[in-house]
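The values are calculated or read from the model by the stated rules, or taken from the named source; none is laboratory data. Note that the structure is a prediction, hence the values are computed from the model and not measured. Backbone-built Cβ (ideal geometry, glycine too); neighbour counts: all protein chains shown.
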Amino acid sequence: MNRKIENGFLANYVLMFIISSMIGLFTFMILGFANDVISKTLVNNNYTAKSLMMDNYQDIDAKTVTDNGGGVQVINANYEVAYSAGLNTFSKDMLSTAEFTDFLMKSKSKGIAYNYSIEYNSNERFWLVVTFPTAIRIDLALVHNKDFPSVDTQGVVGVIVAVILFYIILLALSTIIYSKLTSISIVNPLRKLSNSARRLRDGDYSARVDLNLENEFGELQDIFNAMAQQIEQEISLRKQSEENRKQLVLDISHDLKNPLASIMGYAELFTNKPDLSREERSAYTKVIYDNSVRANNLITDLFELSKMESSDYAINKTRVDICEYLRVEIGTFILTFENVGFAYNFEVPENEIFLEVDLRQMDRVFQNLVANTVKYNSKGTSVLISLFEQDDDIVIIFKDNGIGIPTNIANDMFRPFVRVDGARNSQTGGTGLGLAIVEKIIVAHGGNINLITDEHCGCEFSITLPKI
(Lines give C-alpha, C1' and ligand atoms only; values in the text may rest on other atoms or scores of the structure.)
Protein backbone atom coordinates (compact mmCIF):
# COMPACT_ATOMS: atom_id res chain seq x y z
CA MET A 1 0.00 0.00 0.00
CA ASN A 2 2.83 2.35 0.96
CA ARG A 3 4.72 1.92 -2.31
CA LYS A 4 1.59 2.23 -4.42
CA ILE A 5 0.54 5.48 -2.76
CA GLU A 6 4.01 7.00 -3.09
CA ASN A 7 4.15 6.01 -6.76
CA GLY A 8 0.68 7.42 -7.25
CA PHE A 9 1.73 10.74 -5.76
CA LEU A 10 4.89 10.78 -7.92
CA ALA A 11 2.85 10.07 -11.06
CA ASN A 12 0.43 12.87 -10.19
CA TYR A 13 3.23 15.36 -9.66
CA VAL A 14 5.04 14.30 -12.86
CA LEU A 15 1.79 15.05 -14.64
CA MET A 16 1.69 18.41 -12.86
CA PHE A 17 5.30 19.00 -13.96
CA ILE A 18 4.35 18.45 -17.61
CA ILE A 19 1.30 20.65 -17.24
CA SER A 20 3.36 23.36 -15.49
CA SER A 21 5.92 23.28 -18.30
CA MET A 22 3.22 23.62 -20.91
CA ILE A 23 1.63 26.46 -18.93
CA GLY A 24 5.04 28.19 -18.74
CA LEU A 25 5.52 27.91 -22.51
CA PHE A 26 1.99 29.08 -23.16
CA THR A 27 2.50 31.99 -20.75
CA PHE A 28 5.66 32.98 -22.61
CA MET A 29 3.70 33.03 -25.85
CA ILE A 30 0.84 34.98 -24.25
CA LEU A 31 3.25 37.57 -22.86
CA GLY A 32 4.77 38.03 -26.31
CA PHE A 33 1.32 38.49 -27.79
CA ALA A 34 0.35 40.87 -24.97
CA ASN A 35 3.52 42.87 -25.55
CA ASP A 36 2.58 43.27 -29.20
CA VAL A 37 -1.02 44.25 -28.36
CA ILE A 38 -0.02 46.72 -25.68
CA SER A 39 2.64 48.30 -27.85
CA LYS A 40 -0.04 49.18 -30.39
CA THR A 41 -2.26 50.83 -27.82
CA LEU A 42 0.32 52.81 -25.80
CA VAL A 43 0.35 56.57 -26.34
CA ASN A 44 4.13 56.70 -26.65
CA ASN A 45 3.96 54.30 -29.62
CA ASN A 46 1.36 56.45 -31.38
CA TYR A 47 3.34 59.69 -31.03
CA THR A 48 6.92 58.88 -31.91
CA ALA A 49 9.72 61.27 -32.77
CA LYS A 50 9.80 59.86 -36.28
CA SER A 51 6.09 60.53 -36.86
CA LEU A 52 6.34 64.07 -35.50
CA MET A 53 9.63 65.04 -37.23
CA MET A 54 9.65 68.26 -39.27
CA ASP A 55 12.65 70.09 -40.77
CA ASN A 56 11.51 73.23 -39.00
CA TYR A 57 11.11 72.11 -35.40
CA GLN A 58 8.88 75.15 -34.80
CA ASP A 59 6.27 73.43 -36.96
CA ILE A 60 6.30 70.23 -34.88
CA ASP A 61 2.85 69.51 -33.31
CA ALA A 62 3.87 69.24 -29.65
CA LYS A 63 0.35 69.86 -28.33
CA THR A 64 -0.84 66.27 -28.96
CA VAL A 65 2.12 65.03 -26.90
CA THR A 66 1.74 67.47 -24.02
CA ASP A 67 -2.03 66.88 -23.91
CA ASN A 68 -1.27 63.21 -23.23
CA GLY A 69 1.19 63.96 -20.43
CA GLY A 70 4.34 63.83 -22.52
CA GLY A 71 7.03 66.30 -23.57
CA VAL A 72 9.00 67.39 -26.67
CA GLN A 73 12.62 68.61 -26.65
CA VAL A 74 14.90 69.62 -29.51
CA ILE A 75 18.67 69.20 -29.04
CA ASN A 76 20.78 71.07 -31.62
CA ALA A 77 24.24 70.22 -32.90
CA ASN A 78 25.85 72.05 -29.95
CA TYR A 79 23.86 69.85 -27.49
CA GLU A 80 21.71 72.75 -26.40
CA VAL A 81 18.04 72.31 -25.56
CA ALA A 82 16.80 74.58 -28.33
CA TYR A 83 13.12 73.84 -27.78
CA SER A 84 11.11 72.29 -24.95
CA ALA A 85 7.39 71.70 -24.41
CA GLY A 86 5.68 69.67 -21.67
CA LEU A 87 7.55 67.00 -19.74
CA ASN A 88 11.30 67.70 -19.62
CA THR A 89 13.73 65.24 -18.04
CA PHE A 90 16.83 67.27 -18.82
CA SER A 91 18.14 69.00 -15.76
CA LYS A 92 19.83 71.84 -17.70
CA ASP A 93 19.70 73.64 -21.06
CA MET A 94 23.24 72.83 -22.17
CA LEU A 95 24.68 69.31 -22.27
CA SER A 96 28.20 68.12 -22.78
CA THR A 97 29.04 65.53 -25.38
CA ALA A 98 29.52 62.93 -22.67
CA GLU A 99 26.22 63.78 -20.97
CA PHE A 100 24.26 63.58 -24.21
CA THR A 101 25.96 60.30 -25.14
CA ASP A 102 25.13 58.93 -21.72
CA PHE A 103 21.50 60.01 -22.19
CA LEU A 104 21.27 58.24 -25.55
CA MET A 105 22.70 55.02 -24.09
CA LYS A 106 20.39 55.02 -21.08
CA SER A 107 17.25 56.01 -22.96
CA LYS A 108 16.60 52.39 -23.94
CA SER A 109 17.42 50.91 -20.56
CA LYS A 110 14.77 48.73 -18.93
CA GLY A 111 15.09 50.26 -15.50
CA ILE A 112 14.17 53.87 -16.29
CA ALA A 113 10.71 55.32 -15.62
CA TYR A 114 10.33 57.07 -18.99
CA ASN A 115 9.77 56.03 -22.57
CA TYR A 116 12.01 57.98 -24.96
CA SER A 117 11.52 58.22 -28.71
CA ILE A 118 14.59 59.86 -30.37
CA GLU A 119 15.01 60.80 -34.04
CA TYR A 120 17.89 62.72 -35.74
CA ASN A 121 17.21 65.26 -38.54
CA SER A 122 20.33 65.09 -40.73
CA ASN A 123 19.20 68.07 -42.88
CA GLU A 124 18.87 70.52 -40.01
CA ARG A 125 21.24 68.66 -37.70
CA PHE A 126 19.14 68.35 -34.54
CA TRP A 127 17.68 65.57 -32.39
CA LEU A 128 13.97 65.36 -31.62
CA VAL A 129 13.24 63.75 -28.24
CA VAL A 130 9.64 62.72 -27.37
CA THR A 131 9.17 61.69 -23.71
CA PHE A 132 6.29 59.89 -22.00
CA PRO A 133 6.18 58.64 -18.41
CA THR A 134 6.17 54.85 -18.21
CA ALA A 135 2.90 53.28 -16.98
CA ILE A 136 4.11 49.68 -17.26
CA ARG A 137 6.71 48.08 -19.48
CA ILE A 138 6.85 44.53 -20.78
CA ASP A 139 10.25 43.95 -22.31
CA LEU A 140 10.00 40.43 -23.64
CA ALA A 141 11.60 39.64 -26.98
CA LEU A 142 13.84 36.97 -28.45
CA VAL A 143 15.75 38.44 -31.42
CA HIS A 144 17.94 36.59 -33.89
CA ASN A 145 19.69 38.08 -36.94
CA LYS A 146 19.31 35.66 -39.81
CA ASP A 147 21.27 37.73 -42.32
CA PHE A 148 24.44 38.25 -40.30
CA PRO A 149 25.27 35.43 -37.89
CA SER A 150 27.03 36.40 -34.69
CA VAL A 151 30.11 34.73 -33.28
CA ASP A 152 28.33 34.69 -29.91
CA THR A 153 25.40 32.62 -31.17
CA GLN A 154 26.81 29.29 -29.97
CA GLY A 155 27.63 30.61 -26.52
CA VAL A 156 24.27 32.35 -26.10
CA VAL A 157 22.37 29.25 -27.23
CA GLY A 158 24.43 27.16 -24.81
CA VAL A 159 23.53 29.47 -21.92
CA ILE A 160 19.84 29.39 -22.87
CA VAL A 161 19.85 25.58 -23.10
CA ALA A 162 21.68 25.36 -19.76
CA VAL A 163 19.13 27.64 -18.12
CA ILE A 164 16.25 25.57 -19.56
CA LEU A 165 17.86 22.31 -18.38
CA PHE A 166 18.51 23.78 -14.94
CA TYR A 167 14.89 24.87 -14.76
CA ILE A 168 13.67 21.40 -15.79
CA ILE A 169 15.98 19.62 -13.31
CA LEU A 170 15.04 21.99 -10.49
CA LEU A 171 11.35 21.58 -11.25
CA ALA A 172 11.72 17.77 -11.46
CA LEU A 173 13.58 17.60 -8.13
CA SER A 174 11.07 19.85 -6.41
CA THR A 175 8.27 17.71 -7.86
CA ILE A 176 9.80 14.49 -6.48
CA ILE A 177 10.59 16.01 -3.07
CA TYR A 178 7.16 17.60 -2.76
CA SER A 179 5.46 14.35 -3.78
CA LYS A 180 7.45 12.49 -1.12
CA LEU A 181 6.65 15.06 1.57
CA THR A 182 2.99 15.07 0.61
CA SER A 183 2.77 11.28 0.54
CA ILE A 184 4.32 11.06 4.02
CA SER A 185 1.28 12.82 5.49
CA ILE A 186 -0.86 10.08 3.95
CA VAL A 187 1.42 7.04 4.18
CA ASN A 188 2.53 7.38 7.82
CA PRO A 189 -1.00 7.44 9.28
CA LEU A 190 -2.00 4.57 6.99
CA ARG A 191 1.08 2.60 8.06
CA LYS A 192 0.19 3.06 11.75
CA LEU A 193 -3.42 2.11 11.07
CA SER A 194 -2.30 -0.97 9.11
CA ASN A 195 0.07 -2.09 11.89
CA SER A 196 -2.62 -1.72 14.54
CA ALA A 197 -5.18 -3.50 12.33
CA ARG A 198 -2.66 -6.32 11.79
CA ARG A 199 -2.14 -6.65 15.55
CA LEU A 200 -5.90 -6.71 16.04
CA ARG A 201 -6.21 -9.43 13.39
CA ASP A 202 -3.51 -11.48 15.10
CA GLY A 203 -5.35 -11.41 18.42
CA ASP A 204 -3.80 -8.42 20.18
CA TYR A 205 -7.04 -6.70 21.19
CA SER A 206 -5.17 -3.99 23.10
CA ALA A 207 -3.97 -2.49 19.79
CA ARG A 208 -4.68 1.24 19.53
CA VAL A 209 -3.67 4.04 17.13
CA ASP A 210 -2.23 7.38 18.27
CA LEU A 211 -1.90 9.72 15.27
CA ASN A 212 -2.31 13.03 17.12
CA LEU A 213 -4.13 14.47 14.11
CA GLU A 214 -7.30 16.54 13.83
CA ASN A 215 -8.17 15.76 10.22
CA GLU A 216 -10.02 12.84 8.63
CA PHE A 217 -7.26 10.49 9.81
CA GLY A 218 -7.95 11.69 13.36
CA GLU A 219 -11.60 10.72 12.91
CA LEU A 220 -10.54 7.35 11.50
CA GLN A 221 -8.24 6.90 14.51
CA ASP A 222 -11.13 7.52 16.92
CA ILE A 223 -13.37 5.10 15.01
CA PHE A 224 -10.63 2.43 14.96
CA ASN A 225 -9.87 2.83 18.67
CA ALA A 226 -13.56 2.69 19.56
CA MET A 227 -13.96 -0.44 17.43
CA ALA A 228 -10.86 -2.05 19.00
CA GLN A 229 -12.11 -1.21 22.49
CA GLN A 230 -15.52 -2.70 21.73
CA ILE A 231 -13.92 -5.85 20.31
CA GLU A 232 -11.64 -6.11 23.35
CA GLN A 233 -14.61 -5.77 25.70
CA GLU A 234 -16.65 -8.31 23.76
CA ILE A 235 -13.75 -10.77 23.71
CA SER A 236 -13.25 -10.23 27.44
CA LEU A 237 -16.97 -10.78 28.06
CA ARG A 238 -16.90 -13.87 25.85
CA LYS A 239 -13.93 -15.28 27.77
CA GLN A 240 -15.64 -14.49 31.06
CA SER A 241 -18.85 -16.06 29.79
CA GLU A 242 -16.94 -19.17 28.75
CA GLU A 243 -15.27 -19.34 32.15
CA ASN A 244 -18.66 -18.89 33.81
CA ARG A 245 -20.13 -21.62 31.61
CA LYS A 246 -17.35 -24.04 32.51
CA GLN A 247 -17.72 -23.19 36.18
CA LEU A 248 -21.48 -23.58 35.91
CA VAL A 249 -21.09 -27.06 34.44
CA LEU A 250 -18.71 -27.99 37.24
CA ASP A 251 -21.07 -26.54 39.84
CA ILE A 252 -24.09 -28.36 38.39
CA SER A 253 -22.14 -31.61 38.26
CA HIS A 254 -21.00 -31.19 41.84
CA ASP A 255 -24.40 -30.18 43.17
CA LEU A 256 -26.19 -33.06 41.41
CA LYS A 257 -23.55 -35.59 42.30
CA ASN A 258 -24.22 -35.53 46.07
CA PRO A 259 -28.00 -36.08 46.05
CA LEU A 260 -27.77 -38.63 43.23
CA ALA A 261 -25.00 -40.49 45.07
CA SER A 262 -27.19 -40.60 48.19
CA ILE A 263 -30.19 -41.81 46.19
CA MET A 264 -28.11 -44.54 44.49
CA GLY A 265 -26.47 -45.59 47.73
CA TYR A 266 -29.65 -46.01 49.73
CA ALA A 267 -31.44 -47.61 46.79
CA GLU A 268 -28.58 -50.14 46.65
CA LEU A 269 -29.10 -50.84 50.36
CA PHE A 270 -32.77 -51.59 49.68
CA THR A 271 -31.73 -53.99 46.92
CA ASN A 272 -28.94 -55.77 48.80
CA LYS A 273 -30.61 -55.89 52.25
CA PRO A 274 -34.20 -57.11 51.93
CA ASP A 275 -34.34 -57.79 55.68
CA LEU A 276 -34.17 -54.13 56.71
CA SER A 277 -36.33 -53.13 59.64
CA ARG A 278 -39.34 -50.85 59.27
CA GLU A 279 -37.46 -48.00 60.99
CA GLU A 280 -34.44 -48.41 58.69
CA ARG A 281 -36.63 -48.54 55.60
CA SER A 282 -38.43 -45.38 56.73
CA ALA A 283 -35.16 -43.52 57.40
CA TYR A 284 -33.62 -44.63 54.12
CA THR A 285 -36.76 -43.73 52.22
CA LYS A 286 -36.73 -40.22 53.74
CA VAL A 287 -33.09 -39.76 52.70
CA ILE A 288 -33.92 -40.85 49.15
CA TYR A 289 -36.95 -38.55 49.07
CA ASP A 290 -35.08 -35.52 50.47
CA ASN A 291 -32.23 -35.90 47.98
CA SER A 292 -34.70 -36.38 45.14
CA VAL A 293 -36.40 -33.15 46.15
CA ARG A 294 -33.03 -31.41 46.34
CA ALA A 295 -32.02 -32.65 42.87
CA ASN A 296 -35.44 -31.71 41.48
CA ASN A 297 -35.21 -28.21 43.00
CA LEU A 298 -31.77 -27.75 41.48
CA ILE A 299 -32.95 -28.84 38.04
CA THR A 300 -36.07 -26.65 38.31
CA ASP A 301 -34.03 -23.60 39.31
CA LEU A 302 -31.55 -24.26 36.51
CA PHE A 303 -34.41 -24.47 34.06
CA GLU A 304 -35.85 -21.17 35.33
CA LEU A 305 -32.46 -19.43 35.22
CA SER A 306 -31.86 -20.73 31.71
CA LYS A 307 -35.22 -19.33 30.57
CA MET A 308 -34.43 -15.95 32.14
CA GLU A 309 -31.09 -15.74 30.33
CA SER A 310 -32.76 -16.46 27.00
CA SER A 311 -33.45 -13.56 24.63
CA ASP A 312 -37.05 -14.78 24.39
CA TYR A 313 -37.65 -14.40 28.11
CA ALA A 314 -40.54 -12.05 28.89
CA ILE A 315 -42.59 -11.27 31.98
CA ASN A 316 -46.36 -10.74 32.19
CA LYS A 317 -46.86 -7.43 33.93
CA THR A 318 -49.99 -6.40 35.76
CA ARG A 319 -50.84 -2.98 37.17
CA VAL A 320 -50.89 -3.34 40.97
CA ASP A 321 -50.82 -1.21 44.09
CA ILE A 322 -47.37 -2.23 45.34
CA CYS A 323 -48.20 -1.21 48.94
CA GLU A 324 -51.25 -3.47 49.14
CA TYR A 325 -49.38 -6.27 47.33
CA LEU A 326 -46.46 -6.08 49.79
CA ARG A 327 -48.80 -6.09 52.82
CA VAL A 328 -50.49 -9.27 51.54
CA GLU A 329 -47.12 -10.85 50.76
CA ILE A 330 -45.79 -10.02 54.23
CA GLY A 331 -48.83 -11.66 55.78
CA THR A 332 -47.76 -15.00 54.32
CA PHE A 333 -44.30 -14.70 55.92
CA ILE A 334 -45.37 -13.93 59.50
CA LEU A 335 -46.00 -17.57 60.44
CA THR A 336 -42.62 -18.57 58.94
CA PHE A 337 -40.80 -15.93 61.00
CA GLU A 338 -42.63 -16.92 64.19
CA ASN A 339 -41.89 -20.64 63.70
CA VAL A 340 -38.12 -19.97 63.61
CA GLY A 341 -38.20 -17.40 66.41
CA PHE A 342 -37.50 -14.28 64.31
CA ALA A 343 -38.60 -10.79 65.35
CA TYR A 344 -40.10 -8.73 62.53
CA ASN A 345 -41.12 -5.20 61.71
CA PHE A 346 -42.85 -3.81 58.60
CA GLU A 347 -43.02 -0.22 57.31
CA VAL A 348 -45.37 0.07 54.31
CA PRO A 349 -47.20 3.32 53.44
CA GLU A 350 -50.98 3.40 53.53
CA ASN A 351 -51.32 5.34 50.27
CA GLU A 352 -51.57 3.75 46.84
CA ILE A 353 -48.45 3.45 44.65
CA PHE A 354 -48.95 1.71 41.33
CA LEU A 355 -46.38 -0.39 39.49
CA GLU A 356 -46.48 -2.89 36.66
CA VAL A 357 -45.13 -6.23 37.88
CA ASP A 358 -45.33 -9.93 37.14
CA LEU A 359 -47.03 -11.15 40.32
CA ARG A 360 -45.83 -14.76 40.07
CA GLN A 361 -42.21 -13.72 39.50
CA MET A 362 -42.32 -11.05 42.19
CA ASP A 363 -43.69 -13.65 44.63
CA ARG A 364 -40.63 -15.72 43.89
CA VAL A 365 -38.34 -12.77 44.68
CA PHE A 366 -39.69 -12.37 48.21
CA GLN A 367 -39.96 -16.11 48.79
CA ASN A 368 -36.27 -16.55 47.91
CA LEU A 369 -35.22 -13.65 50.14
CA VAL A 370 -37.25 -15.01 53.06
CA ALA A 371 -35.95 -18.55 52.46
CA ASN A 372 -32.32 -17.36 52.47
CA THR A 373 -32.85 -15.35 55.66
CA VAL A 374 -34.46 -18.27 57.46
CA LYS A 375 -31.84 -20.82 56.26
CA TYR A 376 -28.71 -18.91 57.18
CA ASN A 377 -29.71 -17.10 60.40
CA SER A 378 -30.40 -18.31 63.91
CA LYS A 379 -33.25 -17.81 66.36
CA GLY A 380 -33.65 -14.23 67.60
CA THR A 381 -32.79 -12.56 64.28
CA SER A 382 -34.75 -9.38 63.52
CA VAL A 383 -36.17 -8.74 60.03
CA LEU A 384 -37.28 -5.36 58.65
CA ILE A 385 -39.28 -4.98 55.42
CA SER A 386 -39.98 -1.39 54.36
CA LEU A 387 -41.11 0.53 51.28
CA PHE A 388 -40.70 4.20 50.34
CA GLU A 389 -40.78 6.44 47.26
CA GLN A 390 -37.64 7.94 45.71
CA ASP A 391 -38.19 10.30 42.75
CA ASP A 392 -39.78 8.19 39.98
CA ASP A 393 -38.98 4.89 41.71
CA ILE A 394 -40.04 2.90 44.74
CA VAL A 395 -37.45 1.28 47.00
CA ILE A 396 -38.12 -1.92 48.97
CA ILE A 397 -35.71 -2.72 51.81
CA PHE A 398 -35.37 -6.31 53.05
CA LYS A 399 -33.02 -6.21 56.04
CA ASP A 400 -31.90 -8.54 58.84
CA ASN A 401 -29.34 -8.33 61.65
CA GLY A 402 -28.14 -11.89 61.26
CA ILE A 403 -24.73 -13.41 60.51
CA GLY A 404 -24.17 -11.31 57.40
CA ILE A 405 -21.87 -12.11 54.48
CA PRO A 406 -18.11 -11.48 54.25
CA THR A 407 -17.41 -8.46 52.05
CA ASN A 408 -14.98 -10.41 49.85
CA ILE A 409 -17.84 -12.50 48.42
CA ALA A 410 -20.75 -10.07 48.83
CA ASN A 411 -20.37 -8.70 45.28
CA ASP A 412 -20.58 -12.24 43.84
CA MET A 413 -23.70 -13.31 45.70
CA PHE A 414 -25.92 -12.76 42.64
CA ARG A 415 -23.86 -15.19 40.57
CA PRO A 416 -25.07 -18.81 40.23
CA PHE A 417 -23.85 -21.32 42.84
CA VAL A 418 -22.18 -18.72 45.05
CA ARG A 419 -22.80 -19.59 48.69
CA VAL A 420 -21.58 -18.19 51.97
CA ASP A 421 -20.72 -21.72 53.07
CA GLY A 422 -18.03 -22.48 50.53
CA ALA A 423 -18.18 -26.18 51.29
CA ARG A 424 -21.12 -27.54 49.31
CA ASN A 425 -23.25 -29.52 51.67
CA SER A 426 -26.86 -30.36 52.15
CA GLN A 427 -27.34 -28.79 55.55
CA THR A 428 -29.11 -25.70 54.24
CA GLY A 429 -30.73 -27.40 51.29
CA GLY A 430 -30.13 -24.43 49.00
CA THR A 431 -29.35 -24.70 45.28
CA GLY A 432 -27.13 -21.62 45.15
CA LEU A 433 -29.32 -20.14 42.40
CA GLY A 434 -31.87 -18.21 44.45
CA LEU A 435 -30.24 -14.77 44.41
CA ALA A 436 -29.22 -15.15 40.74
CA ILE A 437 -32.88 -15.75 39.90
CA VAL A 438 -33.94 -12.80 42.08
CA GLU A 439 -31.62 -10.44 40.25
CA LYS A 440 -32.81 -11.65 36.81
CA ILE A 441 -36.43 -11.01 37.79
CA ILE A 442 -35.75 -7.51 39.15
CA VAL A 443 -33.70 -6.53 36.09
CA ALA A 444 -36.48 -7.85 33.81
CA HIS A 445 -38.80 -5.37 35.58
CA GLY A 446 -36.44 -2.49 34.71
CA GLY A 447 -35.09 -2.24 38.26
CA ASN A 448 -32.01 -3.24 40.21
CA ILE A 449 -31.08 -4.93 43.47
CA ASN A 450 -28.11 -4.18 45.73
CA LEU A 451 -26.70 -5.92 48.75
CA ILE A 452 -25.13 -4.10 51.70
CA THR A 453 -23.55 -6.49 54.19
CA ASP A 454 -20.56 -7.51 56.22
CA GLU A 455 -19.77 -10.46 58.42
CA HIS A 456 -21.79 -10.41 61.69
CA CYS A 457 -23.57 -7.21 60.54
CA GLY A 458 -26.58 -8.69 58.79
CA CYS A 459 -27.76 -8.22 55.20
CA GLU A 460 -29.69 -5.38 53.59
CA PHE A 461 -31.21 -6.01 50.15
CA SER A 462 -32.32 -2.81 48.40
CA ILE A 463 -34.74 -3.31 45.49
CA THR A 464 -35.49 -0.35 43.18
CA LEU A 465 -38.44 -0.53 40.76
CA PRO A 466 -39.84 2.18 38.42
CA LYS A 467 -43.28 3.63 39.12
CA ILE A 468 -45.89 3.94 36.39
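Data for the structure
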| read-out | value |
| --- | --- |
| Selection from segment 275-301 of residues that are surrounded by 18 or more Cβ atoms within 10 Å (Cβ to Cβ), of a type outside the set (D, E) and closer than 19 Å to N368 by Cβ | R294, A295, L298 |
| Counted residues, segment 319-347 - those being under 51 Å from the mean Cα position of the chain (by Cα) and not acidic (D, E) | 6 |
| Options F217, F148: the member that is aromatic (F, W, Y), surrounded by fewer than 11 Cβ atoms within 10 Å (Cβ to Cβ) and either modelled with pLDDT of 75 or more or not in a helix (DSSP H, G or I) (or both) | F148 |
| Number of positions in segment 384-403 that are in contact with a helix residue (DSSP H, G or I) (Cβ under 9 Å, 6 or more places away or on another chain) and part of a loop (DSSP other than H, G, I, E, B) | 2 |
| Among the candidates Y79, Y57, residue that is over 14 Å from Y116 (Cα atoms) and modelled with pLDDT of 90 or more | Y79 |
| Residue within segment 8-27 that is modelled with pLDDT under 90 and over 30 Å from I176 (Cα atoms) present | no |
| Some residue of segment 280-301 being in contact with a strand residue (DSSP E or B) (Cβ under 9 Å, 6 or more places away or on another chain), under 30 Å from S386 (Cα atoms) and either among the aliphatic types (A, V, I, L, M) or outside any strand (DSSP E or B) (or both) | no |
| Pick from segment 338-362, criterion touching a Ser or Thr at 6+ places or on another chain (Cβ under 9 Å) and either assigned to a helix (DSSP H, G or I) or among the small types (G, A, S) (or both), ranking: surrounded by the fewest Cβ atoms within 10 Å (Cβ to Cβ) | G341 |
| Qualifying residue in segment 244-252 (condition: farther than 22 Å from D412 by Cβ and either touching a helix residue (DSSP H, G or I) at 6+ places or on another chain (Cβ under 9 Å) or assigned to a helix (DSSP H, G or I) (or both)) | no |
| Enumeration of residues in segment 48-71 that are in a helix (DSSP H, G or I), of a type in the set (A, V, I, L, M) and touching a helix residue (DSSP H, G or I) at 6+ places or on another chain (Cβ under 9 Å) | L52, V65 |
| Sole exception among (1) closer than 30 Å to E455 by Cβ; (2) within 51 Å of the chain's Cα centre (by Cα); (3) surrounded by fewer than 18 Cβ atoms within 10 Å (Cβ to Cβ) for S306, by number | (1) |
| Test for Q233: is it touching a residue at least 12 places away in the same chain (Cβ under 8 Å) and either out of contact with any Ser or Thr (no Cβ under 6 Å at 6 or more places or on another chain) or in a helix (DSSP H, G or I) (or both) | no |
| Qualifying residue in segment 302-321 (condition: under 30 Å from G447 (Cβ atoms), in contact with a Pro (Cβ under 9 Å, 6 or more places away or on another chain) and part of a helix (DSSP H, G or I)) | yes |
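Listed here are the residues, each with its yes/no results for (1) surrounded by 19 or more Cβ atoms within 10 Å (Cβ to Cβ); (2) modelled with pLDDT under 95; (3) out of contact with any Phe, Trp or Tyr (no Cβ under 7 Å at 6 or more places or on another chain).
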position	(1), (2), (3)
S378	no, yes, yes
L384	no, no, yes
D391	no, yes, yes
I403	no, yes, no
N408	no, yes, yes
